[in-house]
Amino acid sequence: MNKNFSLWMLDYGIVLILFLLIGIFSVASSNFFSLSTLTTILRQVSIIGIISVGAAYVILTAGIDLSVGSIACISSLTAALLLKAGWSIPVTIVVTLILATIYGVFSGCLVVFFKMSPLIATLGVMTSLRGAGYLITDGLPVFGFGKGLSAFGRGYFLGIPDPVILMVLIFALGIFILSCTPIGRYVYGVGGNEEASRLSGVSIGGVKIFCYAFCAMLSGIAGLVLLSRTNSGQPAAGVGFEMDAITAVVLGGISLMGGQGKLPLVIIGVLIMGVLSTGMLMCNINDYVQQVVKGLVLIAAVAFSYVSTRLRDKIITKPND
């Protein structure tokens, strides 16, 4: 098999899987293949899509962030409490995102200065923030602060839901940073060969802290979008967001070993998660079965990530047919 075709399939075969899923669900449900369903899918995946951009940055450095769901939750609760206390929407947004970024900086510092495993560090942050959310709300929803913010979550611009436009803009920003700025090259360098990057004068710690902070800030934005859609802060919100984001990123071809992958393809991974969820729902598939399927998709994505990395190395070193 031709080397270029093999590499193309490793990179873009995920697009074929997306079309295959769309075809399967279109046959299984007569209402699936429609503009309204597409709009619903895009609106539903916008939150995970925003988080996935930040998660991709962390994974590119060979890290992992399990705290994104909790940060989205605590951010939505923070904003809800501030709005209820009479704060203006702009000030609430700024304060909420500053706090979210601080959570990410804290995770990054645990990884960089205390040499903690990213898994353990972010798991601790995840658990702590989740508990803090229940503490500050007594486990009750926060509502009664007006509908100013909900205009965004339920609004449209030129027929496109506002959260979808925001997701696209954040993907564009993420792609620009990785492709056109020094920090983007450093992110790939740290994930691909940390020692070589260190010898080249790159601040390894600074790059990692930036990625965790960036990921947390985007999780905070996702929390604000979630609040704007529901118009209430829910202390149980965001559960499972981290798994959905990681699955979407790995499906998009970002290697868990770091340093490899293209952010534009993460959009395809996000869409696959949305098509799976909506398609199974429209086919009246049991919720428990849906959880099993999502778990199997995560396992398959992670397995393929490791296998494809090895296959890529073999294909690159193999002479053309």
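General observations
- Dipole magnitude of the chain about its Cα centre (Cβ charges: Lys, Arg +1; Asp, Glu -1), debye to nearest 20: 200 debye
- Per residue, in Å², the accessible surface of region 40-264 once ligands and nucleic acids are set aside, probe 1.4 Å: 40 Å²
- Average Cα contact separation per residue, the chain, under 8 Å, 6 or more apart, as relative contact order %: 35 percent
- Region 45-129: mean projected area of Cα convex hull, nm²: 5.9 nm²
- Distance violations [Cα-Cα > 31 Å] among K147/K208; K208/K294; K262/K314; K262/K294; K84/K208: K147/K208; K84/K208
- Gyration tensor (alpha-carbon) shape descriptor, region 98-143, a/c threshold 1.5: prolate
- Separation of alpha-carbon centers, region 55-120 and region 237-278, rounded to whole Å: 19 Å
- Helix runs (DSSP H) in the chain reaching 18 Å along axis by Cα, Kyte-Doolittle at least 1.6: 3-28, 35-60, 68-84, 89-112, 162-180, 263-282
- Normalised by residue number, the volume inside the convex hull of the Cα atoms of region 208-321 is 146 Å³ per residue.
- Per-atom-type breakdown for the chain gives carbon and sulfur 71% of the accessible area (1.4 Å probe, protein chains only).
- Extension gain for S179 to S200 (0.36 nm times residue separation, less C-alpha to C-alpha distance): 5.6 nm.
- Checking every one of the chymotrypsin sites (Phe, Trp or Tyr not before Pro) in region 47-118 against DSSP loop status and a limit of 11 other Cβ atoms within 10 Å picks out F113, F114.
- Taking all protein chains as they are arranged and a probe of 1.4 Å, the heavy atoms of Y186 leave approximately 100 Å² accessible to solvent.
The values are calculated or read from the model by the stated rules, or taken from the named source; none is laboratory data. This is a predicted model, so every value here is computed, not measured. All Cβ positions, even for glycine, are placed from backbone atoms using ideal geometry, and neighbour counts span all protein chains on display. For the accessible areas, the whole protein counts, side chains as well, though only heavy atoms, and no ligand, DNA or RNA atoms are used. Shrake-Rupley method; radii C 1.70, N 1.55, O 1.52, S 1.80 Å.
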